[in-house]
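Data first, discussion second: the structure below is written as C-alpha cells.
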Amino acid sequence: MPSPSDEFVRAMPKVELHLHIEGTLEPEVMLTLAARNGITLPWPDVASLRRAYAFADLQSFLDVYYCGAGALQTVDDFRDLAWAYCQRAAADNVRHAEIFFDPQTHTDRGIALEVVVEGLTAALDDAQAQLGLSSALIPCFLRHLSPEAALATYEDCRRFGDRFAGFGLDSSERDRPPRLFAEVFARARADGYRTVAHAGEEGPPAYILEALDVLHVDRIDHGVRCLEDPMLVERLAAQRIPLTVCPLSNVRLRVFDTIADHNLAELLRAGLVATVNSDDPAYFGGYMSANFLAVTRGLDLDASGLLTLGTNAVEASFAQPLRKAELQAQLEIHFAET
Ligand code: HPA
Ligand code: ZN
C-alpha cells in the first residue's frame with residue numbers, strides 16, 4: 001500500500017480531543033498581549049522566549065506555560081486566542097474539537113471565570129457558524145494544587161451547567177496520584193458530566209488504573225505508559241477506553257526520544273482506541289496536521305492506520321450521536337476517494 005501523501009493527510013477530516021487552549025498561545029501573541037496588558041514576562045523578545053522552549057520534562061514546560069498564560073487578561077484576549085486556534089484547526093481540517101482550559105490558572109491571578117468562558121464561548125460560537133467547527137469545553141483541575149481547591153473550582157464551574165461537556169485533570173503528574181481528586185470527580189459524575197484525566201504521560205501505569213477505578217473517567221489523556229502493564233492494556237482494549245495520544249508533545253517533553261520511538265503503532269496493534277492530538281501546539285511544534293504527518297512518516301502508517309485513528313477519535317468524542325455519524329461519514333468519504 002503506498003504511503004499516504006502529505007496532501008491526503010492534511011485533507012483528512014479530523015477530531016481533536018486533547019488540546020489545551022492556553023497551549024495555543026503563540027510566542028508573538030503572548031508578547032503582544034503582555035505589552036498591551038502591561039504585564040512583564042521574563043522574556044523580552046520572541047528569540048529569548050523560544051529559547052525557553054527547550055524542555056527537559058513536563059514540569060519545565062509547565063513553568064513556562066503557566067507564566068505565559070499570565071498575558072491573558074480580558075474577554076477579548078480569550079476570544080482572540082480561541083478564534084486563532086479555530087482558524088488553524090479548520091485549516092488542518094479539524095471538524096470537531098474538545099478543548100481544555102485551566103480555570104485555576106486564571107482565577108488564581110484574579111481573572112473571573114466569566115471572563116474566560118465568555119471569551120472562549122464567543123469564539124467557539126463563531127467557529128461553529130463560520131467554519132462548521134463543532135466543539136466542546138472541558139475545564140481541567142490543576143493536579144499540583146489541592147483537592148480542596150479543585151472542589152471550589154468545580155462549584156464555580158457548575159454555574160455554567162451544560163456549557164461544559166465534562167471535567168479533566170492536568171498539570172504535574174509525578175507524585176500527584178489521581179486518587180487525591182476522587183471527591184471532585186465523584187461530584188462531577190453525579191451531576192452528569194463526562195470526565196477525563198491525564199495519566200500515564202510521565203506517571204506510572206498505576207495512575208491510569210487509579211483514573212479508571214477511583215475517578216471512573218471516560219477517557220485517558222496520554223496513557224502511553226500503559227504498555228508497561230499487559231493486564232492494563234488488555235483491559236483498556238476490552239473496555240474500549242480511549243487514549244488521547246499527543247505525539248509531538250511526547251517528543252518535546254522527552255517521553256520518547258524521537259517520533260520513530262513513539263509507541264502509537266504498538267498501541268494500535270494492541271487494539272487500543274488510540275487517537276492523535278496536539279496538546280499544546282504553540283509549544284510543541286505543530287497543530288493537528290503536523291502531528292498526523294509526523295506519525296505517518298515516523299511510524300510509516302498507511303491509509304488504514306490513519307482511518308483507524310480517525311474512527312477512534314469519532315468513537316471517543318463526546319459529540320451527540322448525530323454529529324458523530326456526520327463526522328464518521330466525512331471520514332469515510334475522504335478514504336473512499338483514494
Ligand atoms: N500534561 C499535563 N498538563 C498539561 C499538559 C500536559 O501535557 N499540557 C498542558 N497542561
Ligand atoms: Zn495535555
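The values are calculated or read from the model by the stated rules, or taken from the named source; none is laboratory data. Note that the structure is a prediction, hence the values are computed from the model and not measured. All Cβ positions, glycine included, derive from the backbone under ideal geometry; neighbour counts span all protein chains shown. The accessibility values were calculated without ligands, DNA or RNA, using every heavy atom of the protein model including side chains. Shrake-Rupley method; radii C 1.70, N 1.55, O 1.52, S 1.80 Å.
Only one entry in Phe160, Phe61, Phe164 is in contact (Cβ under 8 Å) with a residue 40 or more places away in the chain, under 30 Å from Gly310 (Cα atoms) and aromatic (Phe, Trp, Tyr), namely Phe61. Being farther than 20 Å from His20 by Cα and within 16 Å of ligand 2 (Cβ to nearest atom) is the requirement here; does Arg240 meet it? Here the answer is no, as Arg240 does not meet what is asked.
For the range 85-100, the condition holds for no residue, the condition being that it is open to solvent by 10 Å² or more (accessible area, probe 1.4 Å) and either in contact with a Cys (Cβ under 8 Å, 6 or more places away or on another chain) or within 16 Å of ligand 2 (Cβ to nearest atom) (or both).
Go through Val115, Val64, Val75 for me and flag whichever is within 15 Å of ligand 2 (Cβ to nearest atom) and open to solvent by 10 Å² or more (accessible area, probe 1.4 Å). None of the others qualify; the one that does is Val64.
Restricting attention to the range 133-170 and to residues that are part of a loop (DSSP other than H, G, I, E, B) and open to solvent by 10 Å² or more (accessible area, probe 1.4 Å), the residue that is farthest from ligand 1 (Cβ to nearest atom) turns out to be Arg159.
Counting only residues that are of a type in the set (Gly, Ala, Ser) and at pLDDT 95 or above, give me the helices (runs of 4 or more DSSP H) lying completely in the range 280-335 with at least 2 of them. Break it down stepwise before answering.
Details: elements: 281-284, 288-298, 303-316.
In the range 280-335, 288-298, 303-316 are the helices (runs of 4 or more DSSP H) which contain 2 or more residues that are of a type in the set (Gly, Ala, Ser) and at pLDDT 95 or above.
The single condition from (1) part of a helix (DSSP H, G or I); (2) within 16 Å of ligand 1 (Cβ to nearest atom); (3) open to solvent by 10 Å² or more (accessible area, probe 1.4 Å); (4) of a type outside the set (S, T, N, Q) that Met30 fails is (3). Counting residues in the range 203-211 that are within 16 Å of ligand 1 (Cβ to nearest atom), open to solvent by less than 10 Å² (accessible area, probe 1.4 Å) and not aliphatic (A, V, I, L, M) gives one or more.
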